[in-house]
Amino acid sequence: MTRKQYGSIIQRSGRWYVTYWERRSVGGKIERKRVTYRLGPVTKRSKKPPADVQQERDRHMATVNALIQNARPEYIVTITDFVDSVYLPWVNAQKRASTSNGYEKIWKKHLKGHFARTLLRDYQPHNATVFLTALVEKGMRLNAVSHVRALMSGIFKHAAALGYIGSNPIHLAKVLIEPAPQKETPHYTLLEMATALSALRSEPQARVAMALSFIGLRPSEIRGLRWEDVDFAAGQLHVRRSAWRGTLSEGGKGKNSVRQVTLGPTVLGILSDYRNTHTSRSGFALENSLGNMLDLDALSRRVIQPVFKANALTWKGYYGGRRGAETEMNRYTNGNSQITSHHFGHTKAVADAHYVKPLPEETKVAAMALDSALRETIGRLPAEGNGIVN
């Protein structure tokens, strides 16, 4: 049985502290650590701690002794040590490579320094509230704050599931300031799409990449596309996988990602011309000179963006093509994204929130139609204007 500790009160830099020993996990090894906890400021010129400081020492040590009796030393660990040795290795093994990379970026940029030497068991909702609110005060927007909070919650949820802590403190935290909404994401109009495909006629590889983005494929899906996935006779493209950097993932980004995409004669013609004139070494639709999956970012910098600039087109990224495709397709469904969301491999909610863009010209037509209806209805009113329209 672990010996009960009473703690020693010391005075340092104008504050009272209690010190005691604790066994905890450091880098996977159990070590005995000297711990210091602040009790309060020194308010009187005396070497002896006042009664209220001694009472606070007793209260804190009662909590410490209870925790020591009930906690396994290997579960007493700093958040940083837990993330580096337990959580991130689990993420790397279980999540897609792009997801793991995103988590690591957020961890290193925003969270590692914040958590510092804090123990998992000591982090409280108010700590997260202060931290997240400060991010908003510094100008972080809604989506970015949501990503940081989601990772924080994922860390503590995993710790709770493994028995390190009893609950997830992020669930009770809140952001005290409303974050600014995300900036509007760009999309290509139908005219810009047509202009781009025409301008890229002399760059067939780049033309294929943009054609695939203009029918709604994600960049990772374009990179992972193989010729066997394209059924030229049926006019269909089967999305089966995604590629991020050098990692190929069967099944794509999520459960909705594997799907059939309808191909019209325009895109079919572009794909057919390219396949007939470019021999594939490893079966991928777009390859580099070694037969490996093509680096689309390098392609855009080296070829597409210079062509766009020469033709007075604004480069809006590959995702701009995907957003433009969904926006244009919704013209023909009376705005019902439920019909088109399967084509893009996501849910209707995601389509409405992130992909379908306003159509000012369609709005103008609708407004003029309303004006015309009002004018017609006014014309049917009695001359005095007091009658009821039948």
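The values are calculated or read from the model by the stated rules, or taken from the named source; none is laboratory data. Small disclaimer: the values here were computed from a predicted structure and weren't measured. For neighbour counting, all protein chains shown are included, and Cβ atoms are generated from backbone atoms with ideal geometry for every residue, glycine included.
Could you tell me whether ALA234 is in contact (Cβ under 8 Å) with a residue 60 or more places away in the chain and of a type in the set (A, V, I, L, M)? Steps first, please.
Values: in contact (Cβ under 8 Å) with a residue 60 or more places away in the chain: no; of a type in the set (A, V, I, L, M): yes.
No: the conditions fail for ALA234.
Note on the stretch 177-200: residues that are surrounded by 12 or more Cβ atoms within 10 Å (Cβ to Cβ) and in a loop (DSSP other than H, G, I, E, B) amount to 10. Can you list residue pairs whose Cβ atoms sit under 8 Å apart, with the first residue in the stretch 46-62 being over 17 Å from ARG12 (Cβ atoms) and in contact (Cβ under 8 Å) with a residue 12 or more places away in the chain and the second being small (Gly, Ala, Ser) and crowded, with 17+ Cβ neighbours inside 10 Å? Count only pairs 6 or more apart in sequence or on different chains. Going by the 8 Å Cβ cut-off, the qualifying pairs are MET61/GLY7. Across the stretch 149-169, not a single residue is classified as within 30 Å of ARG302 (Cα to Cα) and out of contact with any helix residue (DSSP H, G or I) (no Cβ under 8 Å at 6 or more places or on another chain). Check LEU217, LEU142 and return the single one that is modelled with pLDDT under 95, closer than 25 Å to GLY324 by Cβ and in the same structural domain as ARG323 (by TED's automatic domain parsing). So the residue among LEU217, LEU142 that is modelled with pLDDT under 95, closer than 25 Å to GLY324 by Cβ and in the same structural domain as ARG323 (by TED's automatic domain parsing) is LEU217.
Looking across the stretch 72-114, just one residue is of a type in the set (S, T, N, Q) and in contact with a Leu (Cβ under 6 Å, 6 or more places away or on another chain), and that is THR78.
What number of residues in the stretch 122-161 are hydroxyl-bearing (Ser, Thr, Tyr) and either closer than 16 Å to ILE79 by Cα or surrounded by fewer than 16 Cβ atoms within 10 Å (Cβ to Cβ) (or both)? If you could, list the steps in order and put the result at the bottom.
Just the residues of the stretch 122-161 that are hydroxyl-bearing (Ser, Thr, Tyr), to begin with: 123, 129, 133, 146, 153.
After this cut, where a residue has to be either closer than 16 Å to ILE79 by Cα or surrounded by fewer than 16 Cβ atoms within 10 Å (Cβ to Cβ) (or both) as well, the list is 123, 146, 153.
The total comes to 3.
For the stretch 66-82: of the residues being among the aliphatic types (A, V, I, L, M) and either exposed (fewer than 15 other Cβ atoms within 10 Å of the Cβ) or at pLDDT below 65 (or both), which is nearest to ALA161 (Cα to Cα)? Among those residues, the one meeting the criterion is ALA71.
Within the stretch 256-267, identify whether any single residue is of a type in the set (Lys, Arg) and assigned to a loop (DSSP other than H, G, I, E, B), and answer yes or no. No, that holds for no residue.
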